[in-house]
1. Just one of (1) 1.12; (2) 1.41; (3) 1.03 is Rg/Rh (Cα atoms, Kirkwood Rh) as worked out from the coordinates here. Which one is it?
2. With a 1.4 Å probe and all protein chains kept in place, how much accessible area does Arg39 have, in Å² rounded to the nearest 10?
3. Given R₀ = 56 Å, FRET efficiency for Ala31-Asn342 by Cβ-Cβ distance, to 0.05?
4. Whole number in Å², please: accessible area per residue of the chain, 1.4 Å probe, ligands, DNA and RNA not counted.
5. DSSP H helices in the chain with Cα extent of 30 Å or more along the helix axis and mean Kyte-Doolittle hydropathy at least -1.0?
6. Give me the percent of DSSP beta bridges within segment 133-237 that run antiparallel, rounded to the nearest 5.
7. May I ask you to derive the FRET efficiency for Val363 and Tyr429 from their Cβ-Cβ distance with R0 = 41 Å, giving the value to the nearest 0.05?
8. In nm, give the distance between the simple-model label positions of Ala274 and Lys502, each being 7 Å from the Cα along the Cα-to-Cβ direction.
Amino acid sequence: MPKFYITYKRGMKIALAQLNYTIGDFDGNTAKIIENINRAKAESADLVVFAELSICGTPAYSLLEKVTFLEHCEEALVQIASCCDGISALVGLPIQREDGATVSAMALIQNRKVMRYVTKEFIRIGDDRPFMFGGTGVQYIKLCGKKIAIVVGEDIYKAQEYGHNADLIINTRSSQYRRGIVEKRHNDYRAMAFRYNKPIVMVNQVGAQTDVVFDGSSAFYDGQGHLVSMLNSFGEDFKVIDTEASLPEINFVEQNRTENFYKAIILGLRDYFAKNDFKKAGVGMSGGIDSAVVGALAVEALGAENVYFLMMPSQFTPDESVDDAIEMAKRLNVEYNVIPINESYKAMTESLIPVCGGTPFDVTEEKIQSRLRGTMLMAMANKKHCTILNTTNKSEFATGYGTLYGDYIGDFSILADVYKCEVYSLARYINRNQEIIPMSILEKEPSAELHPGQKDSDYLPPYDITDAILYRMIEQGQHREEIINSGFDDDVVRHIHSRLVKAASKRHQFCPILRLSTKPLRPGVEIPITTRYGLYY
């Protein structure tokens, strides 16, 4: 395995730069990196470490195959290197192997020159995986008389020999947020540092790129596996650590799943708008829990002045729901309109008499209401130049309990990877300091209100049961029989499973969803549209 040594004469201080990058924004990313190099120099750091793929941002998908994209990365690296006088830096970017394949690399800069590239060997996870190939793996530098292993990405999990060959391990990451990852990552690094009896520095990306969130949570562990420094989660941060200093152990803060979901959604929503130059968000408010939560999160992320609510009651909508929706808008100080769809619905159903005349009221008339609302929301989007936020939750999304071109419309979904019970938890978290979401919304029985007396429970079991079964099927990959044997009703499990399989085609036509779990339902990774697997699963 190749080994490269660089000798320093001063005491070892390492700067951890945890930054929010934008894919392809070479000017912006380069400016951030240079700013933090100068900050590290001002704080007398010997080495400043940035995250994996920091120059270009990630996931860049097929851009990684474009020569011009890679050339821009190299040009940015030259500019960054020119600022590295009196300090060394590790900066992440994609480069090409001799055979033209793209690899993830950390450029080691010293004395304003790129000295070496340390490339990632193992491509285990991540959205860039189809466009990335393996490199040569770990390399070593010498800093203040200490031998340091530089490890990129998931190579850290193949680090059996690094702990024996180095005094310190530096690992750069682009590790995405998902439910429970902060705790898992902490436990992994603590165990590795203890096992190898060597300190570990980990620098991770932070920020959101379309549907992906990076939580940051960069950290430093001593050789006994103690956490001695941890950077912010879900926000940029910078810290200089002295690896020779005797640092006290700090407590790893117990993670609140709902709070992390909240922070991840706010970060994801804010970056989705900022990085796409979107200004205003539109939300269809029904008076129900899902739209209330989406509306409150949108106001927190974007500001009340950048959010617009549209309420579209039908003849089946109770007055209480309209009152609740208006109350939400007033509490959030958001501009809103109430536009009934009664006349539009009447005109549509009358025009369809040649097709539907003489038939009883059924799902056809229900979905006409939803699709009229979808049309009105998109008209609002065009006229008011706003981006529509979808309000579907994961329980509905998984089971197909929604209408294509109706309540499935939107530019971006922030709840489609959040189960219904988790939506209620988010609502209670939003109300932690004051009642933003009226209790009447929290306490009412869920309903699409598409015919008199309709309830979600007419189509699905209570959400605590539905969510428990879906979680086992989706997140844990359990077989129907396994779920039934654990105590769930046979008919209920088979009903939910049938809906999950049959709804695949609807999910493929959905907008981008913010990914928060280990198993988000999105094209390319979930159930195929055409499959016989449901007969056996």
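1. Given (1) 1.12; (2) 1.41; (3) 1.03, the structure-derived one carries the label (3).
2. Arg39 has an accessible surface of roughly 110 Å² with all protein chains in place.
3. 0.55
4. With all protein chains present, the chain gives 42 Å² per residue.
5. 363-384
6. Within segment 133-237, antiparallel bridges account for around 65 percent of the total.
7. 0.75
8. 4.4
The values are calculated or read from the model by the stated rules, or taken from the named source; none is laboratory data. Fair warning: this is a prediction, and the values are worked out from it, not measured in the lab. Every residue, glycine as well, gets a Cβ built from its backbone with ideal geometry; the counts of neighbours run over all protein chains shown. Each accessible area value is taken on the protein alone, full model and side chains, heavy atoms only, with ligands, DNA and RNA left out. Shrake-Rupley method; radii C 1.70, N 1.55, O 1.52, S 1.80 Å.
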